[in-house]
Amino acid sequence: MSETLATKYQLTTTEEGYCLELSGNWRFVDGIPEAAPLLSQLSSTNQPPRLHFDSRRLEQWDTGFMTFLLGLLANCQEHQIQVDQTGLPPGAQKLLKLAHAVPERKGARREVLGQPILTKVGNVTIEMHRHWSELLFFIGQVFFALGRMLRGQARFRRSDLLYQIECAGPMALVIITLISTLVGMILAFVGAVQLRLFGAQIFIANLVGLGMAREMGAMMTAIIMSGRTGAAYAAQLGTMQVNEEIDALKTMGISPIEFLVLPRLLALSLTMPLLCVYADFMGILGGAIVSATMLDISFFQYFQQVQTAVPLKHFIIGIVKAVIFGVLVATAGCFRGMQCGRSASAVGFAATKAVVTSIVLIVVADAIVTIACQILGV
């Protein structure tokens with residue numbers, strides 16, 4: 001640096017008050033002096049002083065100079081020091097005027113101070129209570145919309161329902177095929193490691209068939225649809241919230257629950273059982289591939305054993321679970337979308353919350369249905 005930080009300014013006394021003479025380069029790369037020594041000199045007098053600038057010897061400057069000026073002006077205002085900005089470069093005067101044209105929005109700065117643990121627990125509890133209240137209200141609105149649909153009074157387009165069925169059904173077959181086949185192969189491989197120690201390789205068909213029919217088919221399909229379709233529902237409705245499209249529907253007297261939520265809920269509820277049956281078949285097929293290639297069990301023997309060991313009731317239990325999971329995924333996705341804020345980041349948070357909420361509800365519902373089936377002996 002050609003000059004030290006201390007020689008970049010000089011505070012002198014004139015008839016009009018204090019004069020701050022600026023010289024040299026005021027850039028971040030050259031270093032910016034602190035404003036604290038200046039404030040201590042300006043605050044030393046009993047009467048509020050007046051400060052003006054002399055920038056005739058000022059050379060190059062950038063945002064570092066503006067940062068220094070903004071900090072200096074803020075401290076001068078705090079200490080009731082009058083400032084005359086006419087001696088500053090014209091560009092700096094315009095930037096200062098622009099910076100003070102709109103006051104800073106409250107809460108714009110990020111809070112860096114931590115909160116006590118009890119405060120955090122209280123905030124989380126209040127937020128959970130608010131979310132549960134909103135969820136119950138949303139569920140009530142959905143049931144009311146379903147009642148209007150059964151009476152033929154619901155207002156939504158049939159083309160929207162068909163489009164949502166296409167998105168949630170046929171367009172999801174590729175990922176369902178891949179995941180379900182791999183899950184069936186994994187179940188068969190894990191079972192083969194232990195069962196062939198006892199010469200009971202044929203019972204791999206029992207393991208894969210029962211596992212896919214009762215649990216894994218519906219569970220894996222629901223988890224895939226929560227990440228694929230549930231998040232899409234939240235993002236779509238959240239974007240509509242940001243663009244005020246949902247407010248426009250309310251203004252026109254159209255219920256967003258009937259027009260937006262109901263087609264998505266019906267579409268996923270109708271397609272989930274079909275996807276579950278398809279996932280069951282692909283998982284069993286994956287187990288057959290492993291059995292035929294690793295254990296010398298023919299496809300005929302494998303499928304005959306599956307037919308003997310897996311009655312129809314196990315598939316029905318899986319289909320019932322799929323219907324429940326479909327309702328939960330659609331409800332969670334639409335609820336988080338309708339709950340979304342008015343910013344781009346809020347849409348991302350809504351999609352994330354939709355996936356997390358869906359998976360939690362899927363696991364809880366699966367546990368409840370499984371325990372109920374054990375109690376009933378099904």
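The values are calculated or read from the model by the stated rules, or taken from the named source; none is laboratory data. Just so it is clear, the structure is predicted and the values come from calculations on it, not from any experiment. Cβ coordinates were reconstructed from backbone atoms using ideal geometry, including for glycine residues, and neighbour counts include every protein chain displayed.
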*Quickly run through the range 328-366 and pick out the residues that are of a type in the set (A, V, I, L, M, F, W, C), surrounded by fewer than 18 Cβ atoms within 10 Å (Cβ to Cβ) and either in contact (Cβ under 8 Å) with a residue 60 or more places away in the chain or touching a strand residue (DSSP E or B) at 6+ places or on another chain (Cβ under 6 Å) (or both).*
Ala344, Ala346
*Could you look through the range 274-295, keep only residues that are in contact with a helix residue (DSSP H, G or I) (Cβ under 8 Å, 6 or more places away or on another chain) and over 26 Å from Arg228 (Cβ atoms), and pick out the one that is surrounded by the most Cβ atoms within 10 Å (Cβ to Cβ)?*
Ser291
*Starting from residues that are polar (S, T, N, Q) and more than 26 Å from the chain's Cα centre (by Cα), keep the ones in the range 155-208 and report whichever is surrounded by the most Cβ atoms within 10 Å (Cβ to Cβ).*
Ser180
*Met220: touching a Ser or Thr at 6+ places or on another chain (Cβ under 7 Å), part of a helix (DSSP H, G or I) and surrounded by fewer than 24 Cβ atoms within 10 Å (Cβ to Cβ), yes or no?*
yes
*Matching option when the condition is crowded, with 17+ Cβ neighbours inside 10 Å, among the polar types (S, T, N, Q) and in the same structural domain as Ile202 (by TED's automatic domain parsing), among Thr271, Thr251*: Thr271
_Suppose we filter Ile257, Ile297, Ile289 for residues that are farther than 22 Å from Pro170 by Cβ, in contact (Cβ under 8 Å) with a residue 40 or more places away in the chain, not hydroxyl-bearing (Ser, Thr, Tyr) and not in a helix (DSSP H, G or I); which single one remains?_
Ile297
*Could you tell me whether Tyr233 is hydroxyl-bearing (Ser, Thr, Tyr) and exposed (fewer than 15 other Cβ atoms within 10 Å of the Cβ)?*
no
*Please find, among Leu118, Leu135, the residue that is part of a helix (DSSP H, G or I), modelled with pLDDT under 90, surrounded by 14 or more Cβ atoms within 10 Å (Cβ to Cβ) and not assigned by TED's automatic domain parsing to the domain that holds Phe325.*
Leu135
*Which residues, taken from the range 58-95, are polar (S, T, N, Q), surrounded by 14 or more Cβ atoms within 10 Å (Cβ to Cβ) and assigned to a loop (DSSP other than H, G, I, E, B)?*
Gln85
*When only residues in the range 140-174 that are aliphatic (A, V, I, L, M) and either assigned to a loop (DSSP other than H, G, I, E, B) or touching a Pro at 6+ places or on another chain (Cβ under 8 Å) (or both) count, which is nearest to Ser226 (Cα to Cα)?*
Leu161
*Residues in the range 236-246: is at least one outside any helix (DSSP H, G or I) and surrounded by fewer than 24 Cβ atoms within 10 Å (Cβ to Cβ)?*
yes
